[in-house]
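Taking it in order: structure first as structure tokens, then the write-up.
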């Protein structure tokens, strides 16, 4: 059985890390390079970087940023946001991503998932599924950064993307995002019960027990968090230790040292 993974998610808008609450991205809270350096030394298993910019005007600099981050990152780097073509995936992989996240384009053009999996391998293709609970208590899939509702339920879309060839699902509750109330465990259970590919839990972590619940109750293969890691000292190290103490079969803590000056000056200023 594969080890359970602890994943740090970075949301970037115009190159700066932002905080997310119910998919509203407001506070700028840091620099992606600084965050990756910390996560390298604090034993995270994987890093997900999602471009939540309002448009593609910043895209070339985003590619440059990923290329720079990949040179400093010692764990798998998964990248997404504004991925709409095979060429987008190819570019991200060339710039250093290990896996690529696809969301809106997968819903609009399901064949895109199959084509991408055939060309790059299923292990490279992660489908992000963003979900809200509707008035009929049905989990509905949303696209376009959580702004557009679809007719798809989370369960049927999860099964479909598995059939299409996706290698992994990144599952986020928009309702829980940023509220620190824990994952929507019912949502996690409903999806993990109908697919065989790995599912990553996202949306709502407020303390370390929520990570344990995501794995033990939600039955996910990995747990991800964003906001809590930015505000808690030695956060991923403490989270990993909590998982181990709770009996979760997580990967061992490994630390990497990144050589850097006390006041690093980055080659590219990603602010706009």
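Nothing in this text is a laboratory measurement; each read-out follows from the coordinates by a stated rule. Only a predicted model underlies this, so the values are computations on that prediction, with no experimental measurement involved. Note that we place each Cβ from the backbone using ideal geometry, even for glycine, and neighbour counts take in every protein chain shown.
When 24, 5, 59 are arranged by Cβ crowding within 10 Å, least crowded first, meaning fewest neighbours, the order is 24, 59, 5. Averaging Cα coordinates gives a centre for the stretch 164-183 and one for the stretch 111-146; these two points are 11 Å apart. Pairwise Cα distances in the stretch 21-164 exceed 25 Å for 32 percent of all pairs. For the stretch 140-183, the residues whose amide N sits under 12 Å from a probe point set 7 Å from the Cα of residue 21 along the beta carbon direction are 177-180.
Computed over the stretch 20-78, the quotient of the alpha carbon radius of gyration and 2.2 N^0.38 Å is 1.19. Compactness of the stretch 205-251 is given as radius of gyration and Dmax, 10.0, 28 Å, from Cα positions. Between residue 86 and residue 209, the modelled label-to-label distance comes to 5.0 nm, taking each label 7 Å out from Cα in the direction of the beta carbon.
Build a GNM of the chain with springs between Cα atoms under 10 Å apart, and of 220, 236, 95 the one that fluctuates most is 95. Between 134, 249, 221, the GNM of the chain built on Cα springs shorter than 10 angstrom shows 134 fluctuating the most.
Taking only DSSP H segments of four or more residues, each worth -39500 (n - 2.57), what value at 222 nm results for the chain once the sum is divided by all its residues, to the nearest 500 deg cm²/dmol? Mind dumping the intermediate values first?
Numbers: 10 runs with 92 residues, N = 272.
The helix-only estimate for the chain comes to -9500 deg cm²/dmol at 222 nm.
If you take the Cα centroid of the stretch 188-245 and the Cα centroid of the stretch 1-63, the two points sit 16 Å apart.
Per residue, what volume in Å³ does the convex hull of the Cα atoms of the chain enclose? Walk me through the numbers on the way to the answer.
Values: hull volume 32.4 nm³, N = 272.
Spelled out: Cα convex hull of the chain, divided by residues, is 119 Å³.
For the chain, with a Gaussian network of springs between Cα atoms less than 10 Å apart, report the residue from 68, 80, 203 with the top mean-square fluctuation. Most flexible of the set in this elastic network: 68. Note: relative contact order over the chain, using C-alpha pairs below 8 Å and six or more positions apart, is 21 percent.
Where both partners of a DSSP beta bridge lie in the chain, what percent of those bridges are antiparallel, to the nearest 5?
Working: 14 of 47 bridges.
Of all bridge pairs located within the chain, approximately 30 percent are antiparallel.
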